[in-house]
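Read the structure below first, then the notes.
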Amino acid sequence: MNHLPQAWGRPRDDVYGAYDGSYLQTHGPNQHTQQPIVTGTSVVALKFSDGVVIAADNLASYGSLARFTDVKRLRKFADSSIVGFGGDVSDMQYLDRLLNSLDIEEAYSSSGHTLNAKNLHTYLSKVFYKRRSDFNPLWNQVLVAGLDDDKKPFLASADLLGTTFSAPSLATGFGAHLAQPLLRKVAPDEIAASKLSKEQALAAVKESMKVLFYRDARSLDKYSIAIVTAEGIDLKEDEKLENQSWAFADQIRGYGTQVN
Amino acid sequence: MTSIGTGYDLTNSVFSPDGRNFQVEYAVKAVENGGTSIGIRCKDGVVLAVEKVISSKLLKPGANKRIATIDRHMGAVSSGLVPDGRHFVSRARDEAASWRKVYKTPITTADMASRMGGYLQAYTLYSSVRPFGITAIVGGWDSELELPVDGQVGNGPSIGSGGKVEGKKYGGPGLYMIEPSGLYWGYYGAATGKGRQTAKAELEKLDLAAGKLSLEDGVKEAARIIYVAHADNKDKEFELEMTWISSLDGPTKGRHEEVPKEILEEAERLAKKALEGDDDEEETKEDDKPAEEDKMEE
Amino acid sequence: MFRNNYDNDSVTFSPQGRIFQVEYASEAVKQGSVVVGIVSKTHAVLVALKRNAEELSSYQKKIIAIDEHLGLSLAGLASDARVLSNFMKQQSLSSRLTYGRAIPLERLVSSIGDRAQTNTQHYGKRPYGVGLLVAGVDETGPHLFEFQPSGMTQEMVACAIGARSQMARTYLERNLEAFADCGREELVKHGLRALKESLAQDKELTVENCSVGVVGVKGEGMKRIEAFKLYDGAEVRQWVDLVADGTEGAEGTEGMEVDL
């Protein structure tokens, strides 16, 4: 070891040869985040008559490694909205702190002004867009669930590019492929969603979480689920998938020891 | 003030031959004309209260709050120049936010007092600025439990953090008063503004050092003390504004909030009743006679 | 020489703890022509008396629209008001862009209060020489704020600032109870009558020298608002004629409260 910090904790030059420090070089283009590192998978959400149900599992993966198994990816805002995070977990933590400071600022005056889910979604989309325009994206896709200006259920997505999207049901990541068709069957349009009961919505979202656990190799059977209504937020962060059946599994080519 | 007119009192940051900074002393004068503010450090929380003198009938009743939230768990009230009080609060909020950014945890009341003491002191150092025309009372509740770090989304090993002394109590109520000079002390009961002497005398009777007064009783005492302190200034109407911060298992769950309307009204009712009881032992003080009416002060 | 030694700049306290430069700045407000503001449960109105430098010149602008939901009127240095109103327009627009929300009035007014305070604490700056009445609506209904050169901002039920405004304030205090339940028309009339109280003896209200600004809510919250509208010239005839001398019967408050 020598006095140079860049050599600390690295293989000895005399044993392993000179260290390849090429990636430390400062010339060439400035590079920010090129990929997410520790990631959360799908977030699924569905509107119903007087609110939104939203869910995400409690796993943070490091590549294919199930690295952290108690990560809460549904974050509360001002006791009136939920932001569900997919993608990079450290970026999620940054955004969580950002929203925390925003919430503190909003609470300075007790005059009854609050940012609703719609305002929050607008804000997050601007943050994402600013960062991607700086070529320094926050590697997330988020779903914002809550109420809009008219106290009607609100659900929208924002992602690392600053793209925004709204629909009666939404899902990020793998869920966009697997859960979305299931949710659309229950709520094909806004009118159908506005007729759903809380129980129906809850059942559909739980079913989606189960299917995602069956087919998404980066998912977990422990998950968080929240119901957002005008009455407030009912957030449960330690749920377990129920009534799993893997009977379908041996029909799948490549499952277990089966080879063809 | 024998040295008035000798020229040493015209510029901030200048010492007089006998070692005084007159501009800071004059700033204190602005405080002494302002409406009374008090804070009480109870065993399970802190109360802040202020006497808002009503300068015009056209003011919207109940609006124009004077006690500000600095962070979720902390509030501040000041006497003196109201806009200077807003400057103080704005800086305190920045300090609280930057503390959170660096340490990922809420600032303690003691650290806030230290930061703001330093800030006010800096405004006595230069001839290019004037000192703050306020004395501020900062009250807060430092969490007695280990809080999650800001941005924490899960838990590591269940062992928790090390370096803890077994059985030691952490957190609790905090109350500090910061003067225009930047000087600050921690208090059991603090008072500033026009009625400070009366208020201090009342606070001393409470034996706050014993640590027995409950927050619930503290609210009633605070209301009463503001009413008693106002008795010297009876010709002007006033509004009472009160906020509190309780322990995590108390009514505000460690947050700085307005005292709910029902509790405030009950405290005011009791205060008026107590005042009627001892109307005779009133004494008038003539030494802090206010200067000409200044709209900046309340 | 100087009247006293303590009034040369805004960083010097007098032995009584006063700042004379700030007090002198509020004298500049009293040089401006009078403006009046009143709020009811549904509306906030501004009424202003315009001055012209000479017979053939135009009249000075007294009311400025800031955003859809608010406007202000000024008394004092018009150019200082323009600096402040431009700043308010920026703040207001930025709130709409980042959150999709009309900025709460209290926050906007505090932001100019904080700016003005800075001018009273640093050498080389001067206090703003203008007073403002800011009227608007937000989620919590209609509001009226007064801004002073000291940086003091206060929410009012009614207010008048500018030359001879004490007469108008007396009128407002006398009719204070009536304002809350007034509709927009009654509120404007009250404003004009208050304005009339402050007129110099040889002056009267005309369509040339009057400006009116109105903003209101049509229902709960911010959903439907009556956007801030500025009335000038011929547009104010409808009200000016109503309060003209002789049309209102006996002079005095008893007669005034009859129509509603």
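The values are calculated or read from the model by the stated rules, or taken from the named source; none is laboratory data. Since the structure is predicted, the reported quantities are computational estimates derived from the model, not experimental observations. All Cβ positions, even for glycine, are placed from backbone atoms using ideal geometry, and neighbour counts span all protein chains on display. All accessible areas refer to the heavy atoms of the entire protein, side chains included, with ligands and DNA or RNA removed. Shrake-Rupley method; radii C 1.70, N 1.55, O 1.52, S 1.80 Å.
Looking at this structure, is B:Asp94 within 14 Å of chain C (Cβ to nearest Cβ), farther than 30 Å from C:Arg169 by Cα and either within 14 Å of the chain's Cα centre (by Cα) or not in a loop (DSSP other than H, G, I, E, B) (or both)?
Judged against the criteria, B:Asp94 is a match.
Taking the residues in region C:140-178 that are touching a strand residue (DSSP E or B) at 6+ places or on another chain (Cβ under 6 Å), facing chain B (nearest Cβ under 10 Å) and in a helix (DSSP H, G or I) as candidates, determine which candidate is surrounded by the most Cβ atoms within 10 Å (Cβ to Cβ).
By that ranking, first place goes to C:Leu172.
Take the residues in region A:149-161 that are open to solvent by 20 Å² or more (accessible area, probe 1.4 Å) and more than 10 Å from chain C (Cβ to nearest Cβ), then tell me which one is farthest from A:Ser42 (Cα to Cα).
Looking at the filtered set, the residue picked out is A:Lys152.
Just to be sure I understand the filter: pairs with C-beta atoms under 6 Å, separated by 6 or more residues or on different chains, first member in region C:100-119 and free of Cβ contacts under 8 Å to residues at least 40 places away in the same chain and more than 10 Å from C:Met152 (Cα to Cα), second member open to solvent by 10 Å² or more (accessible area, probe 1.4 Å) and assigned to a loop (DSSP other than H, G, I, E, B). Which pairs pass?
C:Pro104/A:His113
Determine, yes or no, whether A:Ser101 is part of a helix (DSSP H, G or I) and among the small types (Gly, Ala, Ser).
Yes; evaluated as a whole, the condition is true for this residue.
So for region B:102-124 (the condition being within 27 Å of A:Phe85 (Cβ to Cβ), part of a helix (DSSP H, G or I) and open to solvent by 30 Å² or more (accessible area, probe 1.4 Å)), does at least one residue qualify?
The answer is yes; a qualifying residue exists.
For region B:8-34: of the residues being of a type in the set (A, V, I, L, M, F, W, C) and part of a helix (DSSP H, G or I), which is farthest from B:Phe132 (Cα to Cα)?
If we take residues in region B:8-34 being of a type in the set (A, V, I, L, M, F, W, C) and part of a helix (DSSP H, G or I), then B:Phe22 is farthest from B:Phe132 (Cα to Cα).
Tally time: how many residues in region B:166-191 are buried (at least 16 other Cβ atoms within 10 Å of the Cβ) and of a type in the set (Phe, Trp, Tyr)?
Of the residues in that region, 4 qualify.
Which of the residues that make up region A:56-89 are surrounded by fewer than 17 Cβ atoms within 10 Å (Cβ to Cβ) and in contact (Cβ under 8 Å) with a residue 40 or more places away in the chain?
Matches in region A:56-89: A:Ser64, A:Ala66, A:Thr69, A:Asp70, A:Asp79.
Which one of these does C:Val39 not meet: (1) more than 14 Å from chain B (Cβ to nearest Cβ); (2) within 17 Å of the chain's Cα centre (by Cα)?
(1)
So the check is Cβ under 6 Å with 6+ separation or different chains; which pairs have a first residue in region A:144-167 that's farther than 15 Å from A:Thr229 by Cβ and free of Cβ contacts under 8 Å to residues at least 60 places away in the same chain and a second one that's basic (Lys, Arg) and surrounded by fewer than 19 Cβ atoms within 10 Å (Cβ to Cβ)?
A:Leu161/A:Arg132; A:Gly162/A:Arg132
Suppose the filter is within 11 Å of chain C (Cβ to nearest Cβ), in contact (Cβ under 8 Å) with a residue 40 or more places away in the chain and among the β-branched types (Val, Ile, Thr); does B:Val28 pass it?
When the stated conditions are applied, B:Val28 passes them.
Would you check if C:Ala102 is within 28 Å of C:Cys210 (Cα to Cα) and surrounded by 20 or more Cβ atoms within 10 Å (Cβ to Cβ)?
No: the conditions fail for C:Ala102.
Return yes when C:Asp80 is more than 9 Å from every other protein chain (Cβ to nearest Cβ), assigned to a helix (DSSP H, G or I), out of contact with any Cys (no Cβ under 7 Å at 6 or more places or on another chain) and not hydrophobic (A, V, I, L, M, F, W, C) and no when it is not.
yes
Going residue by residue through region A:37-53, is there one that turns out to be open to solvent by 40 Å² or more (accessible area, probe 1.4 Å) and among the aromatic types (Phe, Trp, Tyr)?
no
Residue check, C:Val109 against (1) more than 14 Å from chain B (Cβ to nearest Cβ); (2) in contact with a strand residue (DSSP E or B) (Cβ under 6 Å, 6 or more places away or on another chain), all met but one. Which one?
Condition not satisfied by C:Val109: (1).
Take region A:109-135 and flag every residue that is open to solvent by less than 50 Å² (accessible area, probe 1.4 Å), in a loop (DSSP other than H, G, I, E, B) and either out of contact with any strand residue (DSSP E or B) (no Cβ under 6 Å at 6 or more places or on another chain) or within 7 Å of another protein chain (Cβ to nearest Cβ) (or both).
A:Ser109, A:Ser111, A:His113, A:Leu115
Being more than 27 Å from B:Glu237 (Cβ to Cβ) and either surrounded by fewer than 24 Cβ atoms within 10 Å (Cβ to Cβ) or touching a residue at least 12 places away in the same chain (Cβ under 8 Å) (or both) narrows it down to one residue among B:Ile54, B:Ile70, B:Ile38; which is it?
B:Ile70
Answer yes or no as to whether B:Val53 is of a type in the set (A, V, I, L, M, F, W, C) and under 11 Å from the mean Cα position of the chain (by Cα).
No, not satisfied.
Which of the residues belonging to region C:203-260 are surrounded by 14 or more Cβ atoms within 10 Å (Cβ to Cβ), modelled with pLDDT under 70 and not in a loop (DSSP other than H, G, I, E, B)?
C:Met256
Quick one: which of B:Glu216, B:Glu239 is modelled with pLDDT of 95 or more, over 16 Å from the mean Cα position of the chain (by Cα), assigned to a strand (DSSP E or B) and surrounded by fewer than 24 Cβ atoms within 10 Å (Cβ to Cβ)?
Testing whether each residue is modelled with pLDDT of 95 or more, over 16 Å from the mean Cα position of the chain (by Cα), assigned to a strand (DSSP E or B) and surrounded by fewer than 24 Cβ atoms within 10 Å (Cβ to Cβ) leaves just B:Glu239.
Can you tell me how many residues in region C:13-36 are open to solvent by less than 10 Å² (accessible area, probe 1.4 Å) and within 10 Å of chain B (Cβ to nearest Cβ)?
5
Go through region A:130-144 residue by residue and tally those that are of a type outside the set (S, T, N, Q) and within 9 Å of A:Gly86 (Cα to Cα).
3
In region B:179-197, how many residues are under 17 Å from B:Gly140 (Cβ atoms) and in contact with a Ser or Thr (Cβ under 7 Å, 6 or more places away or on another chain)?
Qualifying residue count, region B:179-197: 0.
What single numbered condition from (1) within 30 Å of C:Tyr24 (Cα to Cα); (2) modelled with pLDDT of 95 or more; (3) loosely packed, with under 15 Cβ neighbours inside 10 Å fails to hold for B:Lys194?
Of the numbered conditions (1) within 30 Å of C:Tyr24 (Cα to Cα); (2) modelled with pLDDT of 95 or more; (3) loosely packed, with under 15 Cβ neighbours inside 10 Å, the odd one out for B:Lys194 is (3).
Just to be sure before I move on: is C:Leu132 open to solvent by 40 Å² or more (accessible area, probe 1.4 Å), in contact with a helix residue (DSSP H, G or I) (Cβ under 7 Å, 6 or more places away or on another chain) and within 29 Å of C:Phe13 (Cα to Cα) in the structure I sent?
no
Go over the candidates A:Ser208, A:Ser166, A:Ser197 one by one and state the one that is buried (at least 19 other Cβ atoms within 10 Å of the Cβ), among the small types (Gly, Ala, Ser) and either more than 15 Å from the chain's Cα centre (by Cα) or under 19 Å from A:Leu74 (Cα atoms) (or both).
A:Ser208
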